[in-house]
1. Just want the ordering: A:Ile297, A:Ile11, B:Ile297, from fewest to most Cβ atoms lying within 10 Å of their own Cβ.
2. Other chains' Cβ within 10 Å of B:408-416 residues: what's the mean?
3. Report the one residue of C:Ser143, C:Ala84, C:Leu282 whose Cα lies farthest in the direction of the positive end of the charge dipole of chain C (charges on C-beta: Lys and Arg +1, Asp and Glu -1; origin at the Cα centre).
4. Hey, got the average number of other protein chain Cβ atoms within 10 angstrom for residues in A:262-271?
5. Taking Cα pairs under 8 Å and at least six residues apart, what relative contact order does segment B:290-525 come out at, in percent?
6. Arranged by the count of other C-beta atoms within 10 angstrom, fewest first, what order do C:Ser239, B:Ser363, B:Ser356 take?
7. Just checking the output field for A:84-97: average partner chain Cβ neighbours within 10 Å of each residue's Cβ?
8. How large is ³J(HN,Hα), in whole Hz, for each residue of segment C:112-127 in order, when computed from phi with the Karplus curve 6.51 cos²θ - 1.76 cosθ + 1.60 and θ = phi - 60°, using x for Gly and Pro?
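No value in this document is a laboratory result; all are computed from the given coordinates. Remember, it's a predicted structure, so these values are computed and weren't measured experimentally. In this analysis, Cβ positions are derived from the backbone assuming ideal geometry, glycine residues included, and neighbour counts consider all displayed protein chains.
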Amino acid sequence: MGRYFRRKLLIYGVTFVIAVTINFAIPRMMPGDPIARMLAQNKVSNVESAARMHAYYNDLFGLDVPLWQQYLNYWGALFQGDLGVSLFAFPSPVSSVVLDALPYTLGLLLPAILLSWFVGNGLGAIAARSKWLDNTALPVSYLLTAVPYMWLAILLAWVGGVILGWFPVAGGYSFSFSGPQFSWNFIVDALHHWFLPFLSLFLVALGGWAIGMRNLVIYELESDYSNYMQTLGAPRRLVRRYAFRNAMLPQISGLALQLGVVVGGALVTEVVFAYPGLGSLVLDAIQNQDFFLLQGILLFIVIGVLVFNFLADVVYVLVDPRTRLGLEGGAS
Amino acid sequence: MRHPRTAVAIAAAAVMALAACTDDGGGGEDPDDLSIDQFPRDETLYTTGAAWGPPADWNPVSGGEVTGLRGLGYEPLYLFNPNTQEMEPWLAESGEWTGDLTYQATLRDGITWSDGEQLTAEDVKYTVELGQLDGVPYSNVWDWLESVEVVDDLTVEFTFLEARHQEWDNFLFNTTIVPEHVFSEYSEDDIVTGANEDPVVSGPYTVHSHDQDRIAWVKRDDWWATEALGLEVQPTYIVDIVNTSNEVTLNMLMQGEVDLSNNFLPGISDLLEGDPNLSTYFSEPPYMAPANTAMLIPNTTMEPLDDAEFRRAMAFAISPGEIVDSVYSGIVAEANPTGLLPIWENYYDQEAISESGFQFEPSEAVSVLEEAGYEDSDGDGFVETLSGDPVELTLNVPAGWTDWEEAARAIASDLRDVGINVTEEFLDAGAVDEARDSGEFELVLNNQSGITNSPWGHYRYLFQLPVQDVQTGANFARFESQEAWDLTQQLAATATDDPEYAEIIADLQRISLEEMPSIPIWYNGAWAQASNAVWTNWPTQEGDNNAYPVTWNGFWTMGSIYMLTELEPAG
Amino acid sequence: MTTDATLKSDSVGESRERLYFAFRNPKVVIGLAIVLGLLLVGLIAPLLLSAEPTQQFDAKSASPSGEHWFGTTYFGNDVFTQFAYGIRSSFMVGALGGGIAFVIGLTVGFTAGYRGGLVDEFLNMLTNVVLVLPALVVLIVLSTYLENRGPVSQAIIIGVFSWPWVARAVRAQTFTLRNRDYVDLAKLSGKRAPQIIVREVMPNMASYLLMSVILLFGGAILFAAMLDFIGLGPTDSISLGSMMQQSMAWSALHLGLWWWFVPPGLAITAIVGGLYITNVGLDEVFNPKLREM
């Protein structure tokens, strides 16, 4: 058991190094001169000053040293928790910009992912049990999982926000509040803003889990061991429980795998609702060529996904002990 | 499943609330107004359209700034009023050229910083001298300024190497004075790149609070102009919302959640008609005050764009009217052939315009091409260069800038109609910038020449020399005319009331019309649409209440601050 | 052993029988009808339509009518024309992107899952590296890097970054399958690894693989739509996602131009949903017991 996790951790460590390296490399290949853009945005109109400021900021951001040195500096800074300074929210440190946005995204993502997983798997397992439910729940699930995230978000914003006017369509909380605070007024207001973006993420993800579980359970019920057990006269409930347990395996690894997609979904959903999370930030970072910020966001998401993957591994092993044997076993 | 969902929801809200602990208020003097955490609607002005990122930089000395920093918080010595074209004393009570190379400014008595300290001549001297640090945006003033001397508490004297009157006026209303007693505590790095949180200000408002998508200002009780000029800003709070999508902005505006939107909102013209709840600067098209000139920039270093006649032919071929009507639904106006904004119409040289100007006339474009020797000898419907090579030009605009994409389509199609083979191509915005700055383009659109205190700004944008590897902010066409640049520099050093001033401007117009370094097409607006739901008496072009209702950087100090003193609560 | 035998005896007669059941299965028929119908729209309509997607008509912001079936945009572009071109581009991106991802994912997943050991660790590491790179964010960055974005380049980068999903699932399934009795038997009888994978393991997850293909196809379409929606769509052509982006950029919600943003989203939903429904139907065809349920 210990050996299995040590190996896993090693793999994730290597993954992290490669991810950081790619993280470092990709943004630097982006077109354009970010500092020129920052200066242009701030309307530094007089040309003599612009040239001087350009040199100054190049120096400040460390863009004027060789690439390999930038890379070493990047690692060095990373270990001190220093992700650099954001260009677009200059002079805020990247970490503080990301941390400001993170709660909003987590607040959307965690409930949407976990609830859709539980509810979806429940629905799927039930649907696999009866023809009638299968015929009603399944088409709805297919519809939901086929909907593009932003389209559902647009429709919800259109109906709930514009036509009915029941929900706000911008911000994480009303602009009349000076800032987040502990009061019923505020919590109700924040939930009011949170509801539609959450709902659209939840609904789209829900369909996928339900279908996955339904198909897997049916597949397991079809398998030889189920048939064998039934032939031996095992109770139907027991067979189903085994089927469900085995069907959980791909669903658990799927949970980690799905994360990247849902994060993407959250991104476009946040854009539609002008919700101030990481998604909106990614978009801002790209539009402003803020590659320090982009790196920071990528890194946060990478770490998040790694941790999530590791947790999924733990759960996977707990559910299916055979996996452990397979990894350590004599197959090689 | 109902129960856990609620629990998670509340937990999520709690996480957000916890994150709030890092947010903070500014340094002001009125504890009642500061401690408030929900703004009363009828005392609060909600604006949007100025900020593109989270408020992060309260330092007017460095490159960045938050909405309202220059104008609501920090203030300049003078305001520039684009309507009257006059400099209006602000922190300065008066100022004049006391010699060929000396200028003396006298401050108003009794101006206090928000921490109670007096604003004195020392602060002015300190602020201007900060320009000696590299990395300060106005460092170029020291190319022609020699020294700053404090004469007494309220008087400062500036001695110049070169008396650049227009550039100096520009400096006076664009540079805001900072408190020496605060900034002198900062390290050099902090002065140039620090955030200057909790700013100590002289203006009518101080920072109340901020979050990533908003900043709130609260009114100060002892603003100097209340006593000195009888000005009283009306909103107790101003909340500026960081730009979101047009869709969201329009929705908030229509529902009265935002009072003033300075966004380009397509479709607004349809809503304006017959809606008494929305105000714009003009009551009829183009509704918005012209703010900058959108121009077609040719790369004048390559064939055939290096030929002024070829560029003239292009100017005749393009129909600005079509762009105004079909791309912008009439919320912008056609540009004058000189490219100068209407605020400078008194300087328009009608003679030069009728002699060398242009208007949409495809037949004229064709004959200009013919006379200059451009022919279609291979019969493909498009002209070749004088040496017989095919002309294939690309017009680049940023992908996703839909109005510009549509405008580029219209322009390219107009040019093809007269036999100039132009194709529109949409690239990533960063790639367009880079191509434009480095001169690796054929045709681009640009609108970086906007409202300022003198046409000098426009001509510097057109003619600046020398052309460098990377051009930032000016002469993207890489047009080389020493004569035009000399005249531009001469204009910078000529006082507005000097009779030569208008003459130089006329000469420059003639050069720009004859040489056509860039082709003016339309005026982009100072986009402003205001809701009358909570605040009324918005500025309009008629009457005295005619400041631009614009919250963008640089507009507060061009008179927009007056909007706040004229607003009236509705109902 | 009985299951083993039935799975292997895939005679001509059985294929015919499956085909027969496939076309008798309402889900397959309905799903295919939707997908093929839209495919035809995408293939044929652009040939018949005289207008270009960017052509401007006099009627601006017009609601649907006989002349403009889906109305016109704020600029007077015909929404149906854009819609037809958009569908064509979506199918292209889906087929190409999904295909690339499937081939990579299948190869990596089977190899890793069956071989185990070092090979697995290497491939798993590779999978993890690509996996932890949040696909959409990476796609965004890469897209930004492209000065000229077209559907083909979009499909390729989507394909190259969305395979780990399949690889992981296939690997996990292969893990559990390879310890089953019939695989052990096959090993004992001296069969080689590729043979075992193809003959013993793959048939046992055929429906799962089919679902993967379809999910990848649909996923690529959805990914492309998301990229387009945040303004990273093709710079030189129209797509369903960029239609939605345009409609939002020009305040279609508030101006009530629902015909601008409803059709593109509906088309994506219909294509992807149609694929899924076809998949359920085929699943029932492949697993006869499902039919009897």
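1. Final ranking by Cβ density, sparse to dense: A:Ile11, B:Ile297, A:Ile297.
2. The per-residue average across the peptide is 1.
3. Result: C:Leu282.
4. If you average over the peptide's residues, the count of other-chain Cβ atoms is 5.
5. About 35 percent, as a whole number.
6. Ranking C:Ser239, B:Ser363, B:Ser356 by Cβ neighbours within 10 Å, fewest first, gives B:Ser363, B:Ser356, C:Ser239.
7. For this peptide, the per-residue mean of nearby foreign Cβ atoms is 4.
8. 5, x, 7, 6, x, x, 5, 4, 4, 5, 5, 5, 5, 5, 4, 4
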